[in-house]
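Chemist: If you scroll down you'll find the structure; I have some questions about it.
Please treat every number below as a calculation from the coordinates, not as lab data. Note that the structure is a prediction, hence the values are computed from the model and not measured. Backbone-built Cβ (ideal geometry, glycine too); neighbour counts: all protein chains shown.
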């Protein structure tokens, strides 16, 4: 009788251990599945971020590497060209990867305008030589560039972007347009070249309109 009771106790203990092991395995499996899903979602978000952030980050890096002469016309022509080239690469990402037809159409139109702007800047650059250094202009543009850099760092570190490519594009394009406005506004305070001044003023006016359009579109079309 004692032997039977002992065997029953052993079997009960074995069943309890097996049950606990199965529960632990199930919990581990759920944890692995959850972790895999979280990693997969993070991969999607990171992919969206990288494609859109890289052209903007590269633009800031190139702007910081420019050797300033202090001449507002000469320096801004190079700065404006780098910004326009970075914008081209940024817009192409929306055209190739975006899903919102309105944003894609906006990107295509802006890409066409930007390409024409670069041609205008190139033609003007060939006529310029640095002749009148202005330290105040150089300092203010340097501050603008550093503000662009800090804004991108904050956007990256604060996890403000989502997994929605179109939403991220709209958010970053508004930032890029504001950066262009800041650079152009500073130039207009000191620049003398008629062609560049006309370009900078038009850039400010058009960028403001585009930002207003984007604000409306993000409320109605970007999900």
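Chemist: Hey, what did segment 42-220 get for relative contact order, percent, Cα under 8 Å, at least 6 apart?
Modeler: 30
Chemist: Per the Debye formula with a single identical scatterer at each Cα and no solvent contribution, what log10 I(q)/I(0) holds for segment 78-147 at q = 0.17, 0.18, 0.23, 0.27 Å⁻¹?
Modeler: -0.77, -0.82, -1.00, -1.12
Chemist: Rounded, prolate or oblate: which one fits segment 65-105, using the alpha carbon gyration tensor with axes a ≥ b ≥ c (rounded when a/c is under 1.5, else prolate when a/b beats b/c, else oblate)?
Modeler: Note, shape of segment 65-105 comes out prolate.
Chemist: Starting from the Cα gyration tensor of segment 42-220, take the square roots of the eigenvalues, sort them a ≥ b ≥ c, and report rounded, prolate or oblate (rounded when a/c is under 1.5, otherwise prolate if a/b is larger than b/c, else oblate). Walk me through the numbers on the way to the answer.
Modeler: On the way: a/c = 2.15, a/b = 1.65, b/c = 1.30.
Since a/c reaches 1.5 and a/b is larger than b/c, the shape of segment 42-220 is classed as prolate.
Chemist: Right, next: Within 10 Å of each residue's Cβ, count the other Cβ atoms and sort 197, 177, 126 from fewest upward. Please report the intermediate quantities before stating the final value.
Modeler: Values: 197 16, 177 21, 126 8.
Ordered from fewest to most neighbouring Cβ atoms within 10 Å, 197, 177, 126 come out as 126, 197, 177.
Chemist: Of the peptides 143-150, 48-55, how do they stack up when ordered by the mean number of other Cβ atoms within 10 Å, highest first?
Modeler: 48-55, 143-150
Chemist: Continuing with this model, one more query. Pull out the extension gain between residue 156 and residue 185, defined as 0.36 nm times the separation in residues minus the alpha carbon to alpha carbon distance; nm, one decimal.
Modeler: 7.8 nm is the gain from fully extending residue 156 to residue 185.
Chemist: Here's something else I'd like to know. Give me the distance in nm between label points sitting 7 Å out from Cα along the Cα-to-Cβ direction at residue 92 and residue 54, one decimal.
Modeler: Taking the simple label geometry, residue 92 and residue 54 are separated by 1.1 nm.
Chemist: Still on this structure: Pull out a ≥ b ≥ c, the square roots of the eigenvalues of the alpha-carbon gyration tensor of segment 143-223, then state rounded if a/c is under 1.5, prolate if not and a/b is larger than b/c, and oblate in the remaining case. All intermediate terms of the calculation are to be shown ahead of the outcome.
Modeler: Numbers: a/c = 4.11, a/b = 1.59, b/c = 2.58.
The shape class here is oblate.
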